[in-house]
Amino acid sequence: MTSVVFDTVAHAFGDRPVLRDISVELTERRIGIVGANGSGKSTMARMMNGLILPESGTVTVNGMNVAKNKRKVRREVGFIFSDPDRQIIMPTVAEDIELSLTRTVGDKQVRRTRARAVLADFGLADHADQPAHTLSGGQKQLLALAAIMVLGPSILVADEPTTMLDLRNALMLRDVLAGLDEQVIVATHDLEMLTDFDRVLVMDDGMIVADDDPTAAVAFYRSRMSS
Ligand SMILES: Nc1ncnc2c1ncn2[C@@H]1O[C@H](COP(=O)(O)OP(=O)(O)OP(=O)(O)O)[C@@H](O)[C@H]1O
Ligand SMILES: [Mg+2]
């Protein structure tokens, strides 16, 4: 079982406290994080793979202290952002996946075959030779996700992965995420995405103010935001 554990994590940017003594153990397969703008979701997400290190307290991924094992942790935790343009590196779709495979698959021909198979899994088979920058936003996000998942992480952290996608692509991305065997932790404003999640955290001003099943957590969030 995979786990991400925050132990009394506090963080400030300058003199603005952003996380206030967060302690939480995340082991469920699908976990959502919701909350108002600026409540600390992205900061928390980024701590899960060492993009931000906590000022105090510890974040532990699969038993490893993130601050002390950044490289190993990054092999365990794949991370996707809202903007897929930031994550696509190579000229064509297939090449982008092949690049991800270079560390694990030595043979170029095998890499090519494997890349095609991966693209098929992510609904991109017909786009293999297309210049990556000409993909639609949703297709780019699927490509970014495919390029991360072929690296073999045990946990995927996604920060607002559907924000730039239209409804069709958001639904497609949701389906692909739902089909993953890995642990998935998603910070999002896309509340519908969370319907069949196992657990949802609600953040407010750097604190976890609710931690519940999706229905209860989202109801709590809605009532808090409208009061
Ligand atoms: N690099 C930084 N320097 C200074 N302040 C920062 C930095 N990154 C984040 N902050 C501040 O930390 C707070 C939390 O930001 P964070 O990005 O974690 O919020 P969020 O919950 O992801 O919000 P959103 O829903 O808008 O994405 C905000 O007040 C933000 O302005
Ligand atoms: Mg954010």
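Of all the numbered requirements in (1) under 18 Å from L180 (Cα atoms); (2) in contact with a Pro (Cβ under 9 Å, 6 or more places away or on another chain), A117 misses one, and that requirement is (2). Being surrounded by fewer than 20 Cβ atoms within 10 Å (Cβ to Cβ), within 21 Å of M47 (Cβ to Cβ) and at pLDDT below 95: is that true of L151 here? Spelling it out, L151 is indeed surrounded by fewer than 20 Cβ atoms within 10 Å (Cβ to Cβ), within 21 Å of M47 (Cβ to Cβ) and at pLDDT below 95. Restricting L165, L194, L145 to those that are in contact (Cβ under 8 Å) with a residue 24 or more places away in the chain, touching a Leu at 6+ places or on another chain (Cβ under 7 Å) and farther than 29 Å from E55 by Cα reduces the list to L165. Counting the residues of region 38-55 that are polar (S, T, N, Q) and either without any contact (Cβ under 8 Å) to a residue 12 or more places away in the chain or closer than 8 Å to H11 by Cβ (or both) gives 1.
Can you give me the number of residues within region 164-199 that are within 14 Å of ligand 1 (Cβ to nearest atom) and farther than 28 Å from E98 by Cβ? Result for region 164-199: 5.
Within region 9-18, can one find any residue that is in contact with a helix residue (DSSP H, G or I) (Cβ under 9 Å, 6 or more places away or on another chain) and under 27 Å from R174 (Cβ atoms)?
Just the residues of region 9-18 that are in contact with a helix residue (DSSP H, G or I) (Cβ under 9 Å, 6 or more places away or on another chain), to begin with: 9, 11, 13, 18.
This time we only want the ones that are under 27 Å from R174 (Cβ atoms), so: none.
Checked against the condition, which is being in contact with a helix residue (DSSP H, G or I) (Cβ under 9 Å, 6 or more places away or on another chain) and under 27 Å from R174 (Cβ atoms), region 9-18 yields no hits at all.
Considering only region 28-70, how many residues are more than 16 Å from ligand 1 (Cβ to nearest atom) and either part of a loop (DSSP other than H, G, I, E, B) or at pLDDT below 95 (or both)? Of the residues in that region, 5 qualify. Restricting attention to region 145-187, the residues being more than 16 Å from ligand 2 (Cβ to nearest atom), among the β-branched types (V, I, T) and part of a strand (DSSP E or B) number 2. Looking across region 98-148, the residues that are farther than 20 Å from R75 by Cα, in contact with a Lys or Arg (Cβ under 8 Å, 6 or more places away or on another chain) and buried (at least 21 other Cβ atoms within 10 Å of the Cβ) come down to A132, G138. Considering only region 6-27, state which residues are surrounded by 15 or more Cβ atoms within 10 Å (Cβ to Cβ) and either part of a loop (DSSP other than H, G, I, E, B) or within 16 Å of ligand 2 (Cβ to nearest atom) (or both). Once the filter is applied, which keeps residues that are surrounded by 15 or more Cβ atoms within 10 Å (Cβ to Cβ) and either part of a loop (DSSP other than H, G, I, E, B) or within 16 Å of ligand 2 (Cβ to nearest atom) (or both), region 6-27 yields H11, V18, L19, I22. Of the residues making up region 96-111, at least one is more than 30 Å from S226 (Cβ to Cβ), assigned to a loop (DSSP other than H, G, I, E, B), among the basic types (K, R) and away from ligand 1 (no atom under 16 Å from the Cβ). Total residues in region 131-140 satisfying the condition of being farther than 15 Å from R168 by Cβ and touching a Leu at 6+ places or on another chain (Cβ under 9 Å): the figure is 1. With respect to being within 16 Å of ligand 1 (Cβ to nearest atom) and either under 20 Å from H127 (Cβ atoms) or crowded, with 22+ Cβ neighbours inside 10 Å (or both), A158 fits the description.
The values are calculated or read from the model by the stated rules, or taken from the named source; none is laboratory data. Keep in mind that this is a model prediction, so the values were computed, not measured. Every residue, glycine among them, receives a Cβ derived from its backbone with ideal geometry; neighbour counts consider all protein chains shown.
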